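Notes follow the structure.
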Amino acid sequence: MPANRVALAEFLRSRRDRLKPAQAGVQPFPGARRVPGLRREELAMLAGLSVDYYTRIEQGRQANISAEVLAALSRALQLDDIECAHLRDLAAPAGRRGSDASTRQRADPGLLRVMTALDHLPVLLLGRRSAVLARTALLGAVLGREFEIGDSFVRYLFRDPLAQMRIVNWEVFAQAAVAGMRREAGCHPHDSLLHAEIAALRRSDPKVDRWWQDQKVGDYTSAAKQIAHPDLGHLHFDIEHIIAPHDPDQHLIVYTTPPDSPTALLLPMLANRELADSTLPT
């Protein structure tokens, strides 16, 4: 079975397993149950498909799947918007699926201008494979390490011990990062570097492998982030994401905080310290 159809089959089975007949509003079919959720027959009935046709889809034997069928499966499986988009990506014919994204990515000029206007905040511009395209000086001061252009933020998150020391709610962000990698892998099935990085992370960290096997898929969303700074104590941020209008693979990640909050009052002190350190003679 082609790799893209393997991913489609695994995703469909995982969504089918999580949905019990009572949750789907159907009476369980008679007979012994060997699956935790819906049987193929039950899902096929809910989606208005023949059992044979659905089986061909789940086994990767159906080359082309119409938008109407995908919409019916999404409704039957009660997928959210991100999961629906992921299902469409996985089911897209090979000829229409994303490129290998091998060309060098340049930072979006518009997002760079926004980032420059926000230099009083920690801001990070990420591209494909979570590569750092740009960042403000305050980002390094908050997270405790400098990020060079081209560094992998996901690699920092999972392989740098400092990440778990600084990010109080690290596991929440780590699971979200895995879900985001699955979404990106669906959008770019031929990106060999991305898939190699995912495989390496799964081999090196059992948590990553377990979260990957959960088949959760996510996109960049707003979230709260708590940082344990060694000198200033706990810093609290709300993370907001801005996507480039002409390049959805670029995300501007802004660490925001209410103007009069304790964290907002500490940021100028951190910025002055960062400026002073940068002007020390070497």
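Tally the residues that are on the phi < 0 side of the Ramachandran plot and assigned to a loop (DSSP other than H, G, I, E, B), restricting the search to region 131-157.
So the answer is 7.
Out of (1) part of a helix (DSSP H, G or I); (2) in contact with a Phe, Trp or Tyr (Cβ under 8 Å, 6 or more places away or on another chain), the odd one out for residue 266 is which?
With (1) part of a helix (DSSP H, G or I); (2) in contact with a Phe, Trp or Tyr (Cβ under 8 Å, 6 or more places away or on another chain) applied to residue 266, the lone miss is (2).
Can you pull out every residue in region 63-80 that is assigned to a helix (DSSP H, G or I) and open to solvent by 60 Å² or more (accessible area, probe 1.4 Å)?
67, 68, 75
Just the residues that are open to solvent by 70 Å² or more (accessible area, probe 1.4 Å) and modelled with pLDDT of 90 or more, please, taken from region 81-105.
81, 88 - these are the residues of region 81-105 that are open to solvent by 70 Å² or more (accessible area, probe 1.4 Å) and modelled with pLDDT of 90 or more.
For region 39-62: of the residues being in a loop (DSSP other than H, G, I, E, B) and under 27 Å from the mean Cα position of the chain (by Cα), which is nearest to residue 16 (Cα to Cα)?
Ranking the candidates gives 59 first.
State yes or no: is residue 123 touching a Lys or Arg at 6+ places or on another chain (Cβ under 8 Å) and open to solvent by less than 20 Å² (accessible area, probe 1.4 Å)?
yes
Output the residue which, of all residues in region 221-260 that are assigned to a loop (DSSP other than H, G, I, E, B) and surrounded by 15 or more Cβ atoms within 10 Å (Cβ to Cβ), is farthest from the chain's Cα centre (by Cα).
232
Is there a residue being open to solvent by 30 Å² or more (accessible area, probe 1.4 Å) and over 19 Å from the mean Cα position of the chain (by Cα) anywhere in region 130-143?
Yes.
What are the residue pairs meeting all of these: first residue in region 195-211, first residue more than 11 Å from residue 185 (Cβ to Cβ), second residue open to solvent by 70 Å² or more (accessible area, probe 1.4 Å), Cβ atoms under 7 Å, and 6 or more apart or on different chains?
Here the result reads 208/202; 209/202, each pair linking region 195-211 to a residue that is open to solvent by 70 Å² or more (accessible area, probe 1.4 Å).
Could you grab me the full set of residues in region 158-171 that are buried (at least 16 other Cβ atoms within 10 Å of the Cβ), in a helix (DSSP H, G or I) and in contact (Cβ under 8 Å) with a residue 24 or more places away in the chain?
158, 166
Hey, residue 123 hits all of (1) of a type in the set (A, V, I, L, M); (2) farther than 20 Å from residue 188 by Cβ; (3) free of Cβ contacts under 8 Å to residues at least 40 places away in the same chain but one; which does it fall short on?
All conditions pass for residue 123, except number (3).
Check region 134-145 and report whether any residue there is free of Cβ contacts under 8 Å to residues at least 40 places away in the same chain, over 23 Å from residue 267 (Cβ atoms) and among the hydrophobic types (A, V, I, L, M, F, W, C). Working first, answer last.
Just the residues of region 134-145 that are free of Cβ contacts under 8 Å to residues at least 40 places away in the same chain, to begin with: 134-136, 145.
Among the residues that remain, those that are also over 23 Å from residue 267 (Cβ atoms) are: none.
No, region 134-145 contains no residue that is free of Cβ contacts under 8 Å to residues at least 40 places away in the same chain, over 23 Å from residue 267 (Cβ atoms) and among the hydrophobic types (A, V, I, L, M, F, W, C).
Among the residues of region 192-207, write down those that are among the small types (Gly, Ala, Ser) and either open to solvent by less than 70 Å² (accessible area, probe 1.4 Å) or within 14 Å of the chain's Cα centre (by Cα) (or both).
196, 199, 200
Within region 23-30, does at least one residue satisfy the condition of being aromatic (Phe, Trp, Tyr), on the phi < 0 side of the Ramachandran plot and either touching a residue at least 24 places away in the same chain (Cβ under 8 Å) or touching a Cys at 6+ places or on another chain (Cβ under 7 Å) (or both)?
Checking region 23-30: not a single residue is aromatic (Phe, Trp, Tyr), on the phi < 0 side of the Ramachandran plot and either touching a residue at least 24 places away in the same chain (Cβ under 8 Å) or touching a Cys at 6+ places or on another chain (Cβ under 7 Å) (or both).
The values are calculated or read from the model by the stated rules, or taken from the named source; none is laboratory data. The shown structure was predicted, so the numbers you read here are calculated from the model rather than taken from an experiment. Quick reminder, even Gly has a Cβ in these numbers, built from the backbone with ideal geometry, and neighbours come from all protein chains shown. Note: areas computed on protein heavy atoms with side chains; ligands, DNA, RNA excluded. Shrake-Rupley method; radii C 1.70, N 1.55, O 1.52, S 1.80 Å.
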